[in-house]
1. Can you tell me which of (1) part of a loop (DSSP other than H, G, I, E, B); (2) more than 18 Å from the chain's Cα centre (by Cα) is the one residue 279 doesn't meet?
2. Looking at residue 166 and the list (1) assigned to a helix (DSSP H, G or I); (2) surrounded by 19 or more Cβ atoms within 10 Å (Cβ to Cβ); (3) at pLDDT 90 or above, which single condition is not satisfied?
3. Kindly indicate whether residue 265 is in a strand (DSSP E or B) and surrounded by fewer than 15 Cβ atoms within 10 Å (Cβ to Cβ).
4. Of the residues in segment 227-241, how many are surrounded by fewer than 18 Cβ atoms within 10 Å (Cβ to Cβ) and within 18 Å of residue 108 (Cα to Cα)?
5. Would you confirm, using the coordinates I've provided, whether residue 239 is over 19 Å from residue 84 (Cα atoms), touching a strand residue (DSSP E or B) at 6+ places or on another chain (Cβ under 6 Å) and either outside any strand (DSSP E or B) or at pLDDT 95 or above (or both)?
6. What pairs can you find where one residue is in segment 219-233 and in a helix (DSSP H, G or I), the other is modelled with pLDDT under 95 and surrounded by fewer than 20 Cβ atoms within 10 Å (Cβ to Cβ), and their Cβ atoms are less than 6 Å apart, with a gap of 6+ or different chains?
7. For segment 12-125, which fully contained helices (runs of 4 or more DSSP H) count at least 2 residues that are within 24 Å of residue 171 (Cα to Cα)?
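The values are calculated or read from the model by the stated rules, or taken from the named source; none is laboratory data. Just so you know, these numbers come straight off a predicted model, no measurement behind them. A quick note on method: Cβ atoms are made from the backbone with ideal geometry, for glycine too, and the neighbour counts reach across all protein chains shown.
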C-alpha cells in the first residue's frame, strides 16, 4: 500500500483498510459508528474527496468510503477490465463482505452511476440516496475538454503522460480556489504519480458510453432502468451550479425522476461541491439523515 506523507495524513487522518477482490487490494476507510453512510467517488478523485463530510458525520454515523480498483489506495493493475460493470460488481462484493445494511448512499461523478448500479443489484440493503453532481442515466453530450481526453493519441499522452486530467480538475472543478491548498492538491494527486498509476483515470474517461455500440452502454441502460424502484425512498441532491460537466440539466433530469427529493443548489460551487461547500453540506446532510 502507498505510504501517505505526514502532510497528507493531516488532511486525511484515516486508517486505510482493504478487502481482497480476486487477489487485488480494494481499499476503503471505515470511520465512526452508527447508521451506515457509504461514499462512492468518481474520476479523478478517491476517498480523500469525502474527508470533510466524514469528519462532520463520524460522531454519530459509520462512514465508509471506497477507492475503486485503479484509484486511490487500491491496487492499479495494468491487465484489468476497468469497465463500469466491474466497478459495480466490486462495490456489491464490498457491501456483502461487510454485510452493510440500511445504507445511505452518497455518490459523486461516476460514483452516482456505480452506486446506483450496486443499489439496483442489492435493493434491500439501501435506505436513502444523496447525489452530488452526477448522473446514473444516459446523456448524448460530452464537454469538449473531456472529449479531447478520449482521442487515441492525445488522450493517453495528456491523461497518463502529463496527468493533465487530474491537474486540471484542481482548478476547473472548484469555484473557491483558495480551498485547494498545496496539501489538498497533493492529496488529490498523490495516488496518480506515474503513467502506470493513472490507468483507471484514463479508462474512466473512455467509459462514457454515448452510443449503443459502446461496451458499457447496456450497463448504463441497466443502471438507468433500475432507478424507478427507488422512487419512494428519501433523496437529497447537493449541486454545485458552476459545474461545466454535470450541469444543472443533469439535476433537472434527476428531479423529473424523483420529484419529491430535497434539493440544495450552491450558486458558488463547482463540480467538487464537497470542497466548495462542505461546511454547508454537513449540517444539511445531518438534517436529512435525522429526518428520514
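1. Just one mismatch for residue 279, condition (1).
2. It fails just one condition, (3).
3. Yes; evaluated as a whole, the condition is true for this residue.
4. Final tally of qualifying residues: 2.
5. Values: over 19 Å from residue 84 (Cα atoms): yes; touching a strand residue (DSSP E or B) at 6+ places or on another chain (Cβ under 6 Å): yes; either outside any strand (DSSP E or B) or at pLDDT 95 or above (or both): yes.
Answer is yes for this residue.
6. 220/138; 220/209; 224/137
7. Numbers: elements: 51-57, 84-97, 110-121.
Here the list reads 51-57, 110-121.
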